[in-house]
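> Just dropping this structure here.
The values are calculated or read from the model by the stated rules, or taken from the named source; none is laboratory data. In this text the structure is predicted, and so the values were computed from the model without any measurement. Just so you know, the surface numbers come from the protein's heavy atoms only, side chains and all, with ligands and any DNA or RNA stripped out. Shrake-Rupley method; radii C 1.70, N 1.55, O 1.52, S 1.80 Å.
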Amino acid sequence: TRYGAAGEDIPADTVVFVSHNKSNRDLVDELADWPGHVAVVGDARSPRYLQTAIREGHLAARTID
């Protein structure tokens, strides 16, 4: 991995994936069978600018109960 040791587990309640301005749906596809709500924002939807992705993430977070 680029920013951590390979195979390193870090406990987390939330994961934010940041990459280049290129659509990347890998995590969304991996969560396809997960029964919880998955909000697809930013580059997972399509290539976006950072400001747009932040706004989409903010709006998605506001829907969490």
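> Could you list the square roots of 5 times each eigenvalue of the Cα gyration tensor of the stretch 12-65, that is, the equivalent ellipsoid semi-axes, sorted largest first and rounded to whole Å?
Working through the eigenvalues yields semi-axes of 18, 15, 9 Å.
> Using only the heavy atoms of the protein chains and a 1.4 Å probe, how would Asp43, Asp13, Asp26 rank by accessible area, largest first?
Listed by decreasing accessible area, they come as Asp13, Asp26, Asp43.
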